[in-house]
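Input: a single structure, listed below in structure tokens.
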Amino acid sequence: MVKSSKGFRSRSRGTFTKEVRERGLPPVSRFLREFAIGDRVVVRIEASDPHGQPHPRYQGRTCTVVAKTGRAYRIAFLDGGKRKELIATPIHLMPADVGKADA
């Protein structure tokens, strides 16, 4: 039998597939987005840019910005009661309040 790949992006076809009109690179403003320490962000992996990409298992996770490391951000969250930290570039992060309806 053939052994399946266990690479970093394995079994992520649905996660990284874009709609037809969204294909290609996003606008430059998404690469240059700034976050302050303490901001809440959501991990939204941009499939077209593999640099500074967190693991696909954290897609959709809401985190808090802890520090800025170079041009990337260190973000923290609780996973089953244990604190974890990731490093991700701003293209893979989205402000947590985006997409909510104004009440």
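Bear in mind that the values in this text are calculations on the coordinates, not laboratory data. The model shown is predicted, which means the values in this text are computed figures rather than measured ones. Because the Cβ atoms are built from the backbone with ideal geometry, glycine has one as well, and the counts that use them run over all protein chains shown.
Odds and ends about this structure:
- Rounded, prolate or oblate (a/c below 1.5 giving rounded, otherwise prolate when a/b exceeds b/c) for region 1-47 by Cα gyration tensor: oblate
- Zone of Thr15's modelled label, taken as backbone nitrogen in region 32-72 under 17 Å from a point 7 Å along Cα→Cβ: 42-63
- Dipole orientation for the chain: of the candidates Val65, Val28, Gln53, Gln53 has the Cα lying most toward the positive pole (charges on Cβ; Lys, Arg +1; Asp, Glu -1).
- Stokes-Einstein D (µm²/s) once Rh is taken as the Kirkwood radius of the chain over alpha-carbon pairs, at 25 °C in 0.890 mPa s: 165 µm²/s
- Assigned charges on the beta-carbon of Lys, Arg, Asp, Glu; region 26-95 dipole about Cα centre (debye): 180 debye
- Sites excluded, trypsin sites (Lys or Arg not before Pro) in DSSP loops with at most 12 other C-beta within 10 Å, longest stretch of the chain: 24-70
- Among Gly60, Gly52, Gly81: highest mean-square fluctuation, GNM of the chain, C-alpha pairs under 10 Å: Gly81
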